[in-house]
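One structure is given here, and the rest of the page talks about it.
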Amino acid sequence: MKYKLEWKYKLKGKEPVSFTSDWLEGDHALSTGEALESSGKAIDISFADEIGTSWSIKEMKKLLSEIEEEPHNLTVFFDGGFERESNQAGLGAIVYYQQGKKKYRLRANQLVEALDTNNEAEYAALYFALNLLEELDVHHLPCDFKGDSQVVLKQLEGEWPCYEETLNRWLDRIEEKMKKLGLHPRYIPIERKLNKEADKLATQALQGKSIYSKMQIL
């Protein structure tokens, strides 16, 4: 989660001037706010997060201490591969997140049956990624979802209509899960070459190779 620092600068004999910072990491925003407060020249110091909630300095300190050990700063890559001959799909997902001062990567895949199209496999892959987030106890946070299927991402954003009943059912399931977890998604289409890791996981699932690994990264 990132935050914007907002404050007013006191000018002798004049109206205070309002300022807003760039988006900052939580610790950076808090230390800057504390420095402004100690200067004695800033008033009405507050912090706005990415989902529109406002925090005072005291509330910000408590918030950061509470989320320190919870997964945050989330980015999810997903991909689905479909075999028409077998009606099987391979699902791949990678979750990058921070917990405390450490960063982690979770990689997982799954083989599923009785799907009909590649688009359905893509939806299933995103739903699979949401289940991974639920297992990590992720809740009430913004999350970036990156994939190479513009159809799926644009339909999830509501920019493109979805006329297929099967895909609409996946849309409903995903939206219900998002609501349950309190997530604030950002859907980011990427080129296929930038989604190779998720694609490989999906292919490995179709090959019968089950993968689930979590590791700390630099």
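A compact table of results
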| quantity | calculated |
| --- | --- |
| Approximate spin-label separation Glu165-Ser65, in nm, with each point projected 7 Å along Cα-to-Cβ | 5.6 nm |
| Between 0 and 90°, nearest 10: helix 165-181 axis offset from the chain longest Cα axis | 40 degrees |
| Under 22 Å, Cα to Cα: Lys pairs in the stretch 1-110, sequence gap 8 or more or different chains | 27 |
| Unit charges at the beta carbon, dipole of the chain: most positive-side option, Gly92, Thr117, Phe77 | Phe77 |
| Karplus-derived HN-Hα couplings along the stretch 90-98 (A = 6.51, B = -1.76, C = 1.60, θ = phi - 60°), whole Hz, x at Gly and Pro | x, 10, x, 8, 10, 10, 9, 7, 10 |
| Relative contact order %, the stretch 3-130, counting alpha carbon pairs below 8 Å whose residues are six or more apart | 19 percent |
| Centre separation in Å (Cα based) which lies between the stretch 143-176 and the stretch 1-79 | 33 Å |
| Radius, Kirkwood style, for the chain when every pair of distinct Cα atoms is counted (Å) | 19.2 Å |
| Calculated from backbone phi, Karplus (6.51, -1.76, 1.60) coupling profile of the stretch 3-18 in Hz, x at Gly/Pro | 9, 9, 8, 10, 7, 10, 9, 7, 10, 4, x, 9, 5, x, 9, 8 |
| Candidates per GluC sites (Glu not before Pro) in the stretch 2-76, loop by DSSP, up to 10 other Cβ within 10 Å | Glu69 |
| Range of Cα positions in the stretch 1-56 per principal axis (Å), largest first | 38, 20, 17 |
| The stretch 113-218: GluC sites (Glu not before Pro) in DSSP coil with no more than 12 other Cβ atoms inside 10 Å | Glu159, Glu191 |
| Mean separation of Cα contacts under 8 Å, 6 or more apart, over the residue count of the chain: relative contact order % | 21 percent |
| Added length on full extension, which subtracts the Cα-Cα distance from 0.36 nm per residue, Ile188 to Glu175 | 3.0 nm |
| Loop-located trypsin sites (Lys or Arg not before Pro) in the stretch 1-50 whose Cβ has at most 16 other Cβ within 10 Å (DSSP) | Lys12, Lys41 |
| Whole-Hz ³J(HN,Hα) from phi, Karplus 6.51 cos²θ - 1.76 cosθ + 1.60, for the stretch 147-159, glycine and proline x | x, 9, 9, 5, 4, 5, 5, 6, 5, 5, 6, x, 6 |
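Any read-out appearing in this document is the output of simple, stated calculations on the displayed coordinates, not a laboratory observation. Since the model is a prediction, treat every value here as computed from it, not as a measurement. We place every Cβ from the backbone using ideal geometry, glycine too, and count neighbours over all the protein chains shown.
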